[in-house]
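**Q** Quick one: this structure, given as structure tokens, is what I'll be asking you about.
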């Protein structure tokens, strides 16, 4: 009995520590203000069993865009930087690329010409770097790149350019029994390589754009092959469709940063029935911090935020001002 | 302190009860034998932290076919019976169906002619009953049907024709921290209506065949519309692709009952690397019980089990013999 009592006392002490941790500020990198207060009031009321706004655990679904919402997206989407690096790495096996646009422009470092090649040129770059290989080979190429590559202007690892305040928000939601999802226009297979270790989001909670895939036994080994055709674009009106397909129920909270997220926020926050008073929350991260990150919105080619910003007041979406709302942008480095 | 001690003692008593519950037979509707023992030995070794075969919780993914694996599928897939009933219910709004095959055959109850209409005819029946409506309208039509409809030969509710031993297996796996999924050739939206209440499987863990879908604001209300084109067939080689798309990692256990599940079982159980010794389990439910359910395998048009049965010995898949292995087929009724 002596030992059992010790165990009980130890458990009580550990419980006490856990409780203290929970009682602390769950969003320490957020400045006090209407946005932080709005997020916390929302979570408090839907998790309070005594509240008329209480929402049962299975319905606590939160969906977040990735590029520009959970990590940076300038000077261009990081996945595109990956694709360009892959073209360079693969060039020795493709001698014809030296003289064939858009590959020749990539190899010459002529980014203006690459961007001018438009969807057709970029499609070829994506196909060359993402298709015609097994899923395992692709994942390994992303894993290798993520470990080595550095951002062209900050010199940081890409996985260090995630937003500390959003990491705290994801953890806060999970501590309140939310399932957190990524719903991104980016490639589902690209994000799944790092989403679990970087965001704490497992592969089955990552939704993104997809190429066709096929299955075969190759030399007796079960193999998924990534094919060249786009199967699904998880952007704009595709985001609610992606949520419907993968999750099959409506989120309670959605966060984005661009017009590509507008439909996801509509789908999440607008009541379907006039008498539905379930609290729902839409968040828009506005890039206002040219010093610590980037400042852009209405006219940006990457992450343009225009019609969604116009809609925010009437929809009740919180517009997060990076410069004012966030104490810190990226995690502290070790 | 007096109260706290009481709480501690109460907790200890409750813990004791819980432990006793866990120590009982988790699969009471399974007869003792090699299959029950094989399933339990598998779960025991992968959950034992001291075992070299221990598998961390996030990798504990189990996928199950639905028709013929979790519930019955004779005399035809229940979703097809739903579609036929829907055609009858919708007929007053479609006077032309009286003279247009295959609808006229459905209305005349000429099932031979309906089946003879082949994929083209059945496709028209599925399209009429599943597409051109909102996702909410479709879900409501399934909900209404499931509540009212009765099986043509047993007279039972369809949701009562689920296999009690499989319900126990699903619960046993979840009690051992598995995420349980359905991976079915059936329609994802059809199954999601009842999977949570009947199987304890939430919508986000249901994978199935899908029609195209679109999103729009309709009179200001966010609306998903089910379109007429098939977007994905989650059968045969489509099952590993569906798992790859939705889950993004390989299951540890897969259960099926027909050749349509063969590729899912291959994908789950065959090592990708020669040195991968992670334990993996494949299960095939074989319909051997003409008295309590149905008996069919190699030559059946519904749920044919032929090449997968041939592969079972070399792959190490457990072939469950309904008649011998299961004490009871369906849950006891209240």
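**Q** Would it be correct to say that residue B:144 is at pLDDT 95 or above, surrounded by fewer than 18 Cβ atoms within 10 Å (Cβ to Cβ) and assigned to a helix (DSSP H, G or I)?
**A** yes
**Q** Then there is this: Condition first: loosely packed, with under 15 Cβ neighbours inside 10 Å and in a helix (DSSP H, G or I). Now tell me which residues in region A:46-57 satisfy that.
**A** Once the filter is applied, which keeps residues that are loosely packed, with under 15 Cβ neighbours inside 10 Å and in a helix (DSSP H, G or I), region A:46-57 yields only A:57.
**Q** While we're on this one: Just to be sure I understand, how many residues within region A:251-302 are within 26 Å of residue B:189 (Cα to Cα), more than 14 Å from chain B (Cβ to nearest Cβ) and out of contact with any helix residue (DSSP H, G or I) (no Cβ under 9 Å at 6 or more places or on another chain)?
**A** 1
**Q** Follow-up. Looking only at region B:189-213, which residues are at the interface with chain A (Cβ under 7 Å from one of its Cβ atoms) and touching a strand residue (DSSP E or B) at 6+ places or on another chain (Cβ under 6 Å)?
**A** From region B:189-213, those at the interface with chain A (Cβ under 7 Å from one of its Cβ atoms) are B:192, B:202-204, B:206, B:210, B:213; that's our starting set.
Correct list: B:192, B:206, B:210, B:213.
**Q** Sticking with this one: Taking the options A:281, A:318, A:305, name whichever one is surrounded by 18 or more Cβ atoms within 10 Å (Cβ to Cβ), touching a strand residue (DSSP E or B) at 6+ places or on another chain (Cβ under 7 Å) and within 18 Å of residue B:222 (Cα to Cα).
**A** A:281
**Q** Does region A:171-188 hold any residues that are touching a strand residue (DSSP E or B) at 6+ places or on another chain (Cβ under 8 Å) and more than 18 Å from residue A:261 (Cα to Cα), and which are they?
**A** Answer for region A:171-188, where residues must be touching a strand residue (DSSP E or B) at 6+ places or on another chain (Cβ under 8 Å) and more than 18 Å from residue A:261 (Cα to Cα): A:173, A:174, A:178, A:179.
**Q** Give the number of residues within region A:58-81 that are crowded, with 21+ Cβ neighbours inside 10 Å and in a helix (DSSP H, G or I).
**A** Within region A:58-81, residues that are crowded, with 21+ Cβ neighbours inside 10 Å and in a helix (DSSP H, G or I) number 2.
**Q** I've got another one for you. Looking at residue B:217 and the list (1) loosely packed, with under 15 Cβ neighbours inside 10 Å; (2) in a loop (DSSP other than H, G, I, E, B), which single condition is not satisfied?
**A** Status for residue B:217: all satisfied but (2).
**Q** Scan region B:109-139 for residues that are out of contact with any helix residue (DSSP H, G or I) (no Cβ under 9 Å at 6 or more places or on another chain) and in a helix (DSSP H, G or I) and report the count.
**A** Of the residues in that region, 7 qualify.
**Q** In addition: Taking only region A:221-250 into account, find how many residues are touching a helix residue (DSSP H, G or I) at 6+ places or on another chain (Cβ under 8 Å), more than 11 Å from chain B (Cβ to nearest Cβ) and not in a strand (DSSP E or B).
**A** Residues meeting the conditions: 2.
**Q** Would you confirm whether any residue within region B:117-127 is surrounded by fewer than 16 Cβ atoms within 10 Å (Cβ to Cβ), over 29 Å from residue B:265 (Cα atoms) and away from chain A (no Cβ under 14 Å)?
**A** Yes, region B:117-127 contains at least one residue that is surrounded by fewer than 16 Cβ atoms within 10 Å (Cβ to Cβ), over 29 Å from residue B:265 (Cα atoms) and away from chain A (no Cβ under 14 Å).
**Q** Within region B:214-238, track down each residue that is under 18 Å from residue B:140 (Cα atoms) and in contact with a strand residue (DSSP E or B) (Cβ under 9 Å, 6 or more places away or on another chain).
**A** Of everything in region B:214-238, those that are under 18 Å from residue B:140 (Cα atoms) and in contact with a strand residue (DSSP E or B) (Cβ under 9 Å, 6 or more places away or on another chain) turn out to be B:222, B:223, B:224, B:225, B:226, B:227.
**Q** To continue, here is another question. Can you tell me which condition residue B:160 does not meet? The list is (1) within 15 Å of the chain's Cα centre (by Cα); (2) within 14 Å of chain A (Cβ to nearest Cβ), and all the others hold.
**A** Only one criterion in (1) within 15 Å of the chain's Cα centre (by Cα); (2) within 14 Å of chain A (Cβ to nearest Cβ) is unmet by residue B:160, namely (2).
**Q** Among the listed residues B:243, B:320, which satisfies the condition of being under 25 Å from residue A:212 (Cα atoms) and at pLDDT 95 or above?
**A** Sole residue among the options that is under 25 Å from residue A:212 (Cα atoms) and at pLDDT 95 or above: B:243.
**Q** Quickly run through region A:163-188 and pick out the residues that are more than 9 Å from every other protein chain (Cβ to nearest Cβ) and part of a helix (DSSP H, G or I). Before the answer, list the steps.
**A** Keep residues of region A:163-188 that are more than 9 Å from every other protein chain (Cβ to nearest Cβ), which gives A:163-178, A:180, A:182-187.
Scanning region A:163-188 gives A:164, A:165, A:166, A:167, A:168, A:169, A:170, A:171, A:172, A:173, A:174, A:175.
**Q** So for region B:259-281 (the condition being within 18 Å of the chain's Cα centre (by Cα) and assigned to a strand (DSSP E or B)), does at least one residue qualify?
**A** Among the residues of region B:259-281, at least one is within 18 Å of the chain's Cα centre (by Cα) and assigned to a strand (DSSP E or B), which makes the answer yes.
The values are calculated or read from the model by the stated rules, or taken from the named source; none is laboratory data. Bear in mind the structure is a predicted one, so any value in this text is a computation, not a measurement. Note: ideal-geometry Cβ built from the backbone for every residue, glycine included; neighbour counts use all protein chains shown.
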